[in-house]
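Here's the structure we're looking at; comments come further down.
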Amino acid sequence: MTRKMQAAQVERFGQPLVLKELDIPTPGAGQILVKTEACGVCHTDLHAAGGDWPLKPTLPFTPGHEGIGIVTALGAGVTGVREGDRVGVPWLYSACGHCEFCLAAQEPVCGKAQFGGYTKNGGFAEYIVADPNYVARIPAGLAARDAAPLICAGITSYKGLKETQVRPGQWVVISGIGGLGHLGVQYAKAMGLHVCAVDIDDRKLEHARRLGANAAVNARTGDPVAAVRKITDGGAHGVLITAPSLPAFKQGVGMTRKHGTCVLVGIPPGDFPTPLFDLVANCITIRGSFVGNRRDMAEALAFAAAGMVKADIEMQPLSAINAVFERLAQGEVPSRVVLDFAD
Ligand code: NAD
Ligand code: ZN
Ligand code: ZN
């Protein structure tokens, strides 16, 4: 008899996930089977379940791209990973390895890239099939639950900060202090940056302060652009927008200093107005940033292994996923929920 596993799947966009028993998958040639220990819940999972983006996943599918677990089986020909290794199955599930982008270590934009919990079944399940060439290697001493948020929220905020090109001693704004942003504050402090946190929830801003933010601005009160420009004496050298909310994007551009860079990582559906004259006359760069490459992953995890970054997590069982989604959509998750698969 085939062995079964618990999984939460999206059967229809915008509907609650369905908890079901599925066959435990068998890894094919070149694949591995990972027994899930923990999986973070990212706001991207909400966008996926909502069918928010132009490229939609095929229904039904299992979300989750912050799954950490132990390798329990190897398909034919797998050599780089061993049974018993702890790995993470990230958003960048796989890429072709030989296009111009892969050759330049820009594999997240590979035209043949597959996405965990989106075009491939992800970590809201007791087992995940993964590509051993693209799994995250979890450093010894880092618990699965602590590693989970790092393989999406961590790498994305870390890479986004690098993409701002802000140097130590300069100002960076982090807009949105949720899963990505609360880690972004910690990476930014570890990099020696001055941090101005922006959110619409005073509790998130107090949390940012506890994590080392030098200043905090509530985007719902007064004129947040003017407030940031005053604090930073003319605008931040870099801005990282993680907020899943369109108004944050125009504001973030306005918070950017002359010759500064505004990095976009939040992906609410839709477009935002860009003030063309101000952009041109102030030589401002607006740049998208999509997770990070495998080197960025190793670096982002190394900060945590060295004790410089730690995700704030709330553990929940897989069966609570719909309530967690509801709270995440309302902004009621303090930092990151991690689904607990420990027996
Ligand atoms: P989250 O829900 O944990 O956090 C979002 C935070 O933004 C919350 O603290 C919320 O209060 C705040 N916020 C909402 N509206 C705001 C506004 N107008 N101004 C400032 N702050 C505001 O979400 P998350 O898991 O951190 O994900 C954030 C976004 O990043 C999502 O859109 C997600 O899809 C995207 N994302 C992108 C990448 C990438 O590679 N580019 C990777 C991961 C996630
Ligand atoms: Zn994510
Ligand atoms: Zn490629």
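What follows is calculated from the coordinates using simple rules that are stated; it is not laboratory data. Just so it is clear, the structure is predicted and the values come from calculations on it, not from any experiment. In this analysis, Cβ positions are derived from the backbone assuming ideal geometry, glycine residues included, and neighbour counts consider all displayed protein chains.
What distance in nm separates the simple spin-label points at A140 and A281, each placed 7 Å from Cα in the Cβ direction?
6.0
So how far, in whole Å, is the C-alpha centre of segment 257-336 from the one of segment 104-139?
18
Any chance you could count the Lys pairs in the chain whose alpha carbons are under 20 Å apart, treating pairs 8 or more apart or on different chains as valid?
Lysine pairs meeting both conditions in the chain amount to 20.
Distance in nm between label sites at T58 and K230, each 7 Å beyond Cα in the beta-carbon direction?
Reported label-point gap for T58 and K230 is 5.5 nm.
Taking the C-alpha atoms of segment 154-288, how large are the radius of gyration and the largest Cα-Cα span, Dmax, in Å?
In order Rg, Dmax, the Cα atoms of segment 154-288 give 12.9, 38 Å.
If I stretch the segment between R209 and Q330 completely, what's the gain in nm (0.36 nm per residue apart, minus their alpha carbon distance), one decimal? Before the final figure, lay out each step's value.
On the way: separation 121, 0.36 × 121 = 43.56 nm, distance 2.21 nm.
Roughly 41.4 nm would be gained on extension.
Take every DSSP beta bridge with both residues inside segment 154-288 and express the antiparallel ones as a percent of the total, to the nearest 5.
0
Can you put F13, F303, F290 in order of Cβ neighbours within 10 angstrom, beginning with the fewest? Can you show the working numbers first?
Values: F13 13, F303 19, F290 16.
Taking fewest neighbouring Cβ atoms as first place, the list is F13, F290, F303.
Compute the Kirkwood hydrodynamic radius of segment 50-180, taking the inverse of the mean of 1/r over all pairs of distinct Cα atoms, and give it in Å to one decimal. Display every interim value, and only then the final one.
Working: mean 1/r = 0.0614 Å⁻¹.
16.3 Å is the Kirkwood radius here.
Are there trypsin sites (Lys or Arg not before Pro) in segment 5-69 that DSSP puts in a loop and that have at most 13 other Cβ atoms within 10 Å, and which ones?
Working: sites: R12, K20, K35; in loops: R12.
Filter output for segment 5-69: R12.
Could you give the nm distance between label points at D85 and E11, where each point is 7 Å from its Cα heading toward the beta carbon?
So the label points at D85 and E11 sit 3.7 nm apart.
Longest exposed-loop-site-free stretch of the chain, with GluC sites (Glu not before Pro), DSSP loop and at most 15 other Cβ within 10 Å? Let's see the in-between values first.
On the way: sites that count: E11, E83, E332.
Between exposed loop sites, the widest span is 84-331.
List the equivalent ellipsoid semi-axes of the chain in whole Å, largest first, each obtained as the square root of 5λ for an eigenvalue λ of the Cα gyration tensor.
Values: eigenvalues 232, 83, 71 Å².
Output for the chain: semi-axes of 34, 20, 19 Å.
Please report the antiparallel percentage of the DSSP beta bridges confined to segment 56-177, to the nearest 5.
Details: 8 of 9 bridges.
Of those bridges, close to 90 percent are antiparallel.
Rounded to the nearest 20 debye, what is the charge dipole size of segment 216-269 about its Cα centre when +1 sits on each Lys and Arg Cβ and -1 on each Asp and Glu Cβ? List each step's numbers first, then the result.
Numbers: 6 positive and 2 negative charges, 17 e Å.
Dipole magnitude for segment 216-269 comes out near 80 debye.
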